[in-house]
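What follows draws every value from the coordinates through simple rules; no lab data is involved. Worth saying up front: this structure is predicted, and the values here are computed from it rather than measured. Glycine also receives a Cβ, built like all others from the backbone with ideal geometry; neighbour counts cover every protein chain displayed.
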Amino acid sequence: MTVLVYSELYATGLALALGLLIGVQRGWVSRSDPAGSRFAGVRTFGLFGLAGGVAGVMQARATTLAFVLLAASAVLVLLGYWRSTKGRASISGTASLTGLITLAAGFLAGSGEFALASVLTGTTVLVLAQRNRWHHWLRHIEEHEMQAIARFALIALVILPLLPDTPFGPYGAWRPRQLWLVVVLVSGFSFAGYAGVKLLGPARGILATAAAGSMVSSTAVTAALAGKLRDRAGDAALLNAGVALASATMFLRVTLLTAALAPFALAGFAKLALPAMAISLMASWLILRRTAAAGGGADGAITVRNPFDLKPALLLMALTMALTLTARWVLERYGDAGLAAVLAISGTVDVDSAIITMGNLPSGTLTPRVAALVLALPVTLNTLFKTAVLLGLAGWQRAWPGAAAMLASLVALGGGALLVW
């Protein structure tokens, strides 16, 4: 019984604290408003949270009373909105909607959903605190950028969820949703890079997008940057530095995944991947340094013809289909004897799949040394594949620094393989 009381006290206390947190943000925004013109202050939002928390605690024992408390509080919010907007030329529903969200967060806390209530409150405060930035962005969005946002929403939020995730085609090799996810990733990283350049400047925007995006898919990032190189959408050296940085991030990501999913291969694989990562990082730094020394356009303006280009995305999806089908054919024809070939082919586009497959093998199937060398195959083919995509889309003249950086990393990878062997 005592434990239950403490739990309920903690729940209502958290609900009050979350309401006060939202109230502090709202009070700070309206601190210069005339007295009596504000919808609600710190205390009111705190009480909204507390009311929701009390209703959440009581719902199991007194459902009707909890419902009445929530409904009455919601009515007070709506009345406050009506009073605060009466006679005003401009109307905003932010304060009243925030009051209802505060009630909901308090109710979740009172119901024991502490994490969800905290996340909801934190997200609300973050969105409210970014008001001036949102308005600044909206004032500077151009029509073609709004069209790009709409198109990306169509392929990511409408088409992708509607596609089936069931196998089809020869050997059941293709899954429509997974294939379309390749399109979403490539086009999404392309648009994210465009937005990053506008917000952070060419150098920081491209490099930040390359590093962050490569934690998901360095292949998609490389295809997106290659599309920009082809369209001359920015400084070529800067885009090539982004390609090299994406490659370095890939080596880091696969090392971390190996540690998590196939730890028996980590010691040997790290000897392969870490030197290659160091070479990629050094290449990215040298490209940037050379650009700065030559007075290049790292800080200059960037012109992007199309922030949402589907051509690189569709090309990568087609190549993914071909490679996946080839991997299934090898597995069907040669069975487990073709395991290394299957891992290499399937990992050409997505190295993670090869690591996941190896992690699911029965214990003792491969020795740590052999496992490290087997994992080097998909990493090598993936790097060669990205080099081919880069040169195929952008051409040697525009993309040779990025291509050379990836090939140099393969030399380091090969040297590590000799050490392991």
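Here's how it looks for residue 174: its modeled amide H is under 5 Å from those of 168, which are all 5 or more places away or on a different chain. What the phi angles of the range 112-122 give under the Karplus curve with 6.51, -1.76 and 1.60, with θ = phi - 60°, is a coupling list of x, 8, 5, 5, 5, 5, 5, 5, 4, 5, x Hz, glycine and proline written as x.
Taken one residue at a time, the phi angles of the range 145-162 give Karplus couplings (6.51, -1.76, 1.60, θ = phi - 60°) of 6, 5, 5, 5, 4, 5, 5, 5, 4, 5, 6, 8, 9, 10, 6, 4, x, 7 Hz. Gly and Pro are set to x.
Among residues other than residue 164 whose Cβ falls under 15 Å from its Cβ, what is the net charge (Lys/Arg +1, Asp/Glu -1)?
On the way: positive: 175, 177; negative: 165.
Residues close to residue 164 contribute a combined charge of +1.
Look at where the Cα atoms of the range 229-267 and of the range 123-177 average out, and the two centres are 24 Å apart. If R0 is taken as 35 Å, the Cβ-Cβ distance between residue 171 and residue 256 corresponds to a FRET efficiency of 0.65.
Put simply, when 65-78, 230-243, 266-279, 97-110 are sorted by average Cβ atoms within 10 angstrom per residue, most first, you get 97-110, 230-243, 266-279, 65-78.
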